[in-house]
Amino acid sequence: MSRRTVLSVVAGAVVLTGAGAFAVAHAGDRPPSVTHGAARYTAPDGHRRGSLTFTADVTAPSGVKKVKVLAWPARSSFAERGLTADDMAGVESARCEPSGDETARCTYTADVTPAEADSSPRGRWHVAVLATTEDGRTTLDTRSADFTIR
């Protein structure tokens, strides 16, 4: 090969290696994403407890550290002022299991007693999710899923 060809090949390899390193370095800079959120509410019946189950896929290049879940009525102060990450600080966490290279399937389940169901506002509810990565990045999805209490 000519010297010019060798230099072109080497220069191309250096550019590709640098671009690859740049892409890998910035892949970890992404905040987590929450997708496929779904909620299922089952009302208590007689002496049988009801339940609320929420599932979502959370993708994070650095790994999923925790996922907090809050169900809130559509007609509430949160709807008026907006839900914040601070509002999510004391809520319960979902259980997450790896489901891919950078993705975890997260599930939250809560029992609902007849007394809780009776005192809950009727109508549309939203499920908010605060996802946190291993490197501390967060994403707040205030309406990841909806359900109705009748």
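Read-outs throughout are calculated quantities, based only on the coordinates presented, and are distinct from any laboratory measurement. Because the structure is predicted, anything quoted here is derived from the model rather than measured. Here Cβ is always computed from backbone atoms with ideal geometry, including for glycine, and neighbour counts include all displayed protein chains.
Given the Cα-Cα distance of Asp146 and Arg48 and 0.36 nm per residue of separation, how much length would full extension add, in nm?
That pair, Asp146 and Arg48, stretches by 33.0 nm at full extension.
Pick out, from Thr109, Ser76, Ala145, the residue whose Cα sits farthest towards the positive end of the charge dipole of the range 70-146, with +1 on the Cβ of Lys and Arg and -1 on the Cβ of Asp and Glu.
Ser76
Taking the Cα centre of the range 94-150 as origin and charging only Cβ (+1 Lys, Arg; -1 Asp, Glu), how large is the dipole, in debye to the nearest 20? Working shown, then result.
Working: 7 positive and 10 negative charges, 75 e Å.
Using Cβ point charges on Lys, Arg, Asp and Glu, the range 94-150 gives about 360 debye.
FRET efficiency for Ser76 and Glu97, Cβ-Cβ distance as r, R0 = 30 Å, nearest 0.05?
0.45
For every other residue with a beta carbon closer than 15 angstrom to the beta carbon of Gly82, add +1 if it is Lys or Arg and -1 if Asp or Glu, then tell me the sum.
-1
Give the long-range amide H neighbours of Val91: residues separated by 5 or more places, or on another chain, with amide H under 5 Å away, using H modelled in the peptide plane at 1.01 Å from N.
The answer is none.
Give me a comma-separated list of calculated 3J(HN,Hα) values for the range 101-106, in order, Karplus coefficients 6.51, -1.76, 1.60 applied at θ = phi - 60°, integers in Hz, x for any Gly or Pro.
4, 10, 10, 10, 9, 10
Please give the peptides 58-65, 91-98 ranked by average Cβ packing (other Cβ atoms within 10 Å per residue), highest first, as a rough proxy for protection. Numbers along the way, then the final one.
Numbers: 58-65: 20.0, 91-98: 13.9.
Highest mean packing first, the order is 58-65, 91-98.
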